[in-house]
Amino acid sequence: MEYLLIFISAIFVNNIVLAQFLGICPFLGVSKKIDTSLGMSAAVAFVMVLATLVTWLVQTYVLVPAHLEYLQTIAFILVIASLVQMIEIILKKVSPALYQALGIFLPLITTNCAVLGVAILVIQKEMNLGHSIMYAFSTAIGFGLALTVFAGIREQLALTDIPKGMRGMAIVLVTAGLLSLAFMGFSGVDGGLRILLGLD
Amino acid sequence: MNYLNIIKNGIVKDNPTFVLMLGMCPTLATTTSAGNGLAMGLATMAVLMCTNFVISCMKNLTPDKVRIPVFIVVIATFVTLLQMAIKAYLPQVDKELGLFIPLIVVNCIILGRAEAFAAKNSPVASLIDGVGIGLGFTLALTLLGIVREILGAGAVFGYAFIPEDYNILLFVLAPGAFITLGYLIAIVNKLK
């Protein structure tokens, strides 16, 4: 039941982009078309789950026993960077079709703060491995949802006549604000769900 | 190149927030108040100055192929040092900014300046560029923080001057960040 709660809360209530401000760069950068935003979401989901798994193991079995917790930032960013590099090489060899679809997004993900953010968050929240993986997966779905919905809005926005000063990033940010406002309607859902599922 | 010019470029022509639109995550997340925005700006500036200087010193020693990993390790080292210093001396700031201090590592401004400026210029010029870009970032974050704090909490740097009944809570919450930055960029566009 805890898993369901993590799932709902990470997608709707504490959406990674619209409520926690992680991964804003790809959110604003690759949201012009629905196709590319779907590709980006898939790539992020893939990397985020794998990265969280590996960094959780590194933290629990290497950094903590060796009392090197202060090296967390360096260790995690190196793990994520090499993981992305490795996924790229493996995908190229094993599944050229998937590489074609995700390839161009992969290098961008190293500097996606959502990946490092989730890896650090699950450690801060002291989640166990199962919960961490679920959290990473749900967060990635939440990222994908926000990105795809936003891309749909932007496709429409491209067809409208926008006042000169607001063109470009200004109107995009205001639109993102309204979307974020819409997602605020979900706040409190996690509390209700907690009671409903009898977790309190 | 004239050092004063480099600083002016960093604040006006290459302003990381309003012109280059880099480092959006901390810009939106940490500007709930003017103080928080200022703290985040200064923290980023400190890291940027150190990394720009060190990367520029090492530019002839790093092979071209592995330069990005080298840059990232240098950046992560300084971020870790900063993280420890803030935890030790400014616990309040650590509590307010939280996750966004370690996330300075993935701030695109820092890697961007390493690649675009420090890898091509002398150490002193790179240090000055760090000051300029850092100041531009700090000013933008503080401005955003001031606007959001006035509208949302009726205060500037914690000094309240608007009665609580007239505060618009929205501007301190997540949507307010997007909307305020959107309109600030529109104003900057208009002024250009």
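Just so you know, all these numbers are worked out from the coordinates, no wet-lab data involved. Treat the numbers as computed from the prediction; the structure is a model and nothing was measured. Cβ placement follows ideal geometry from the backbone for every residue including glycine, while neighbour counts extend to all protein chains displayed.
If amide H atoms are built 1.01 Å from N in the plane of the peptide, which residues on other chains or at least 5 residues away come under 5 Å of the amide H of B:V156?
Here B:F161 satisfy the definition.
Would you mind computing, in nm to one decimal, how far apart the modelled labels at B:M84 and A:N128 are, each placed 7 Å from Cα along Cα→Cβ?
Once both label points are built, they end up 3.4 nm from each other.
So what is the relative contact order of chain B, in percent, for Cα pairs below 8 Å that sit 6 or more residues apart? Could you put the intermediate results ahead of the total?
Values: 277 pairs, mean separation 70.9, N = 192.
Normalised by residue count, the contact order of chain B is 37 percent.
Which value, in debye to the nearest 20, describes the size of the charge dipole of the range B:3-191 about its Cα centre when Lys and Arg Cβ atoms bear +1, Asp and Glu Cβ atoms bear -1, and nothing else is charged? Show your work: numbers first, answer last.
Details: 11 positive and 9 negative charges, 118 e Å.
For the range B:3-191, the charge dipole is close to 560 debye.
Ignoring solvent entirely, what values of log10 I(q)/I(0) come out of the Debye formula for the protein assembly as shown at 0.07, 0.12, 0.13 Å⁻¹ when each Cα is a single scatterer?
-0.32, -1.00, -1.18
HN-Hα J couplings of the range B:175-192 from phi, Karplus 6.51/-1.76/1.60, θ = phi - 60°, integer Hz, Gly and Pro as x?
Per-residue couplings from phi come out as x, x, 5, 4, 5, 4, 4, x, 6, 4, 5, 4, 5, 4, 4, 5, 5, 5 Hz.
Please give the calculated 222 nm ellipticity per residue for chain A, where each DSSP H segment of at least 4 residues contributes -39500 (n - 2.57) and the sum is spread over every residue; nearest 500 deg cm²/dmol? Write down the numbers at each step before the final one.
Numbers: 10 runs with 137 residues, N = 200.
The per-residue figure over chain A is -22000 deg cm²/dmol.
Evaluate the relative contact order of the range A:2-186 (contact order divided by residue number), counting alpha-carbon pairs under 8 angstrom at least 6 apart; express in whole percent.
On the way: 179 pairs, mean separation 82.2, N = 185.
In percent, rounded to a whole number, it is 44.
Using only alpha carbon positions, build the gyration tensor of chain B, then give the equivalent ellipsoid semi-axes as the square roots of 5 times its eigenvalues, largest first, whole angstrom. Please list the in-between numbers first.
Working: eigenvalues 195, 71, 34 Å².
So the three semi-axes of chain B are 31, 19, 13 Å.
Report the FRET efficiency, 1/(1 + (r/R0)^6), for A:A182 and B:I162, where r is their Cβ-Cβ distance and R0 is 35 Å, rounded to 0.05.
On the way: r = 28 Å, r/R0 = 0.79.
Taking R0 as 35 Å, the efficiency between A:A182 and B:I162 is 0.80.
Specify which residue in the list B:V70, B:N60, B:V106 is farthest towards the positive end of the charge dipole of the range B:1-149, using unit charges on the beta carbon of Lys, Arg (+1) and Asp, Glu (-1), about the Cα centre.
After comparing all options, I get B:N60.
Under the classification rounded if a/c is under 1.5, otherwise prolate if a/b is larger than b/c and oblate if not, where does the range B:1-90 fall, given a ≥ b ≥ c as square roots of the Cα gyration tensor eigenvalues?
Numbers: a/c = 1.87, a/b = 1.21, b/c = 1.54.
Since a/c reaches 1.5 but b/c is at least a/b, the shape of the range B:1-90 is classed as oblate.
Kindly express, to the nearest 10 degrees and within the range 0 to 90, the angle between helix B:34-57's C-alpha long axis and the longest C-alpha principal axis of chain B.
Its long axis makes an angle of about 0 degrees.
Convert each backbone phi in the range B:141-155 into a coupling constant with the Karplus relation 6.51 cos²θ - 1.76 cosθ + 1.60 (shift: θ = phi - 60°), then list the ³J(HN,Hα) values in order as whole Hz, x for Gly and Pro.
5, 5, 4, 4, x, 4, 4, 5, 5, 4, 5, x, 10, x, 8
Convert each backbone phi in the range B:87-95 into a coupling constant with the Karplus relation 6.51 cos²θ - 1.76 cosθ + 1.60 (shift: θ = phi - 60°), then list the ³J(HN,Hα) values in order as whole Hz, x for Gly and Pro.
So the Karplus estimates, Gly and Pro as x, are 4, 7, 9, 10, x, 5, 4, 4, 5 Hz.
Pick out, from A:I109, A:A140, A:L63, the residue whose Cα sits farthest towards the positive end of the charge dipole of the range A:2-186, with +1 on the Cβ of Lys and Arg and -1 on the Cβ of Asp and Glu.
Checked the options; the winner is A:I109.
Between A:K93 and A:T60, what length comes free when the chain is fully extended (0.36 nm per residue of separation minus the Cα-Cα distance, one decimal in nm)?
Details: separation 33, 0.36 × 33 = 11.88 nm, distance 3.15 nm.
So the chain would gain 8.7 nm between A:K93 and A:T60.
For the range B:120-192, run through the chymotrypsin sites (Phe, Trp or Tyr not before Pro) and keep only the ones in DSSP coil with at most 16 other Cβ atoms within 10 Å of their Cβ.
On the way: sites: B:F137, B:F157, B:Y159, B:F161, B:Y166, B:F171, B:F178, B:Y183; in loops: B:F157, B:F161.
Answer by residue number: B:F157, B:F161.
Based on the alpha-carbon gyration tensor of chain A and its eigenvalue square roots a ≥ b ≥ c, which shape applies: rounded if a/c is under 1.5, prolate if not and a/b is larger than b/c, or oblate?
Values: a/c = 1.97, a/b = 1.24, b/c = 1.59.
Here chain A falls in the oblate category.
Obtain the nm distance between the two label points defined at A:K32 and B:K65 by a simple spin-label model: each point lies 7 Å from its Cα along the Cα-to-C-beta direction.
Calculated label separation equals 3.3 nm.
For labels at A:S82 and A:I162 in the simple 7 Å Cα→Cβ model, what's the distance in nm?
4.2
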